[in-house]
1. Assigning unit charges at the beta carbon (Lys, Arg +1; Asp, Glu -1) and nothing else, what dipole magnitude in debye, to the nearest 20, does the range 44-118 show about its Cα centre?
2. Count neighbours as other Cβ atoms within 10 Å of each site's Cβ, and list the trypsin sites (Lys or Arg not before Pro) in the range 95-124 that are DSSP loop with at most 11 such neighbours.
3. Say R0 is 35 Å: what FRET efficiency, to the nearest 0.05, do VAL37 and TYR125 get from their beta-carbon distance?
4. How would LYS49, LYS35 line up from fewest to most surrounding beta-carbon atoms within 10 angstrom?
5. Going through the range 46-126, which chymotrypsin sites (Phe, Trp or Tyr not before Pro) have at most 12 other Cβ atoms within 10 Å and a DSSP loop state?
Amino acid sequence: MVRRLFLRTVLSAAVVLLSAPTFAGEVGLVALDLKDVAKGYRGEDLKQKTVVNEKREDVGRIDDFIFSRNDNQVFVVLVVGDYVGISGSLIAVPFRSLKLDDPSGLIILPGADRAALLKLPVFLYNH
């Protein structure tokens, strides 16, 4: 009796799950090559790292990462200037703008200089 009830419950659950509608943009699990993943960069290791331009001039420091809610973009929040609020600001740039695999080991933001970055809109955290 208990076994029959259990089987009926399992079969009912299977029918419900199999007949449930699927939604466009549904996320599925994908097998990853963990060796490739391990070659990546940890966010914590990049925080507080100095960012330079092609001339190796210091243009900022990584403060944080922001992940967009709707289109899977990642932004880097940089501290540009000496200290936020005194002579510096927070600005956001697309993560893909950074060059992380430079042979020098430096994080490079091509085409950037401190003066140009300070002209960008100031980033404010939305608390």
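Readers should treat all values here as calculations from the given coordinates under stated rules, not as data from a laboratory. No experiment lies behind these values; they were computed from the predicted model shown. Cβ coordinates were reconstructed from backbone atoms using ideal geometry, including for glycine residues, and neighbour counts include every protein chain displayed.
1. Magnitude of the dipole: close to 100 debye.
2. Sites meeting the loop and neighbour criteria: LYS119.
3. Step by step, r from the Cβ atoms, then E = 0.75.
4. Final ranking by Cβ density, sparse to dense: LYS35, LYS49.
5. For chymotrypsin sites (Phe, Trp or Tyr not before Pro) across the range 46-126 that sit outside H, G, I, E and B with at most 12 neighbouring Cβ atoms in 10 Å, the list reads TYR83, TYR125.
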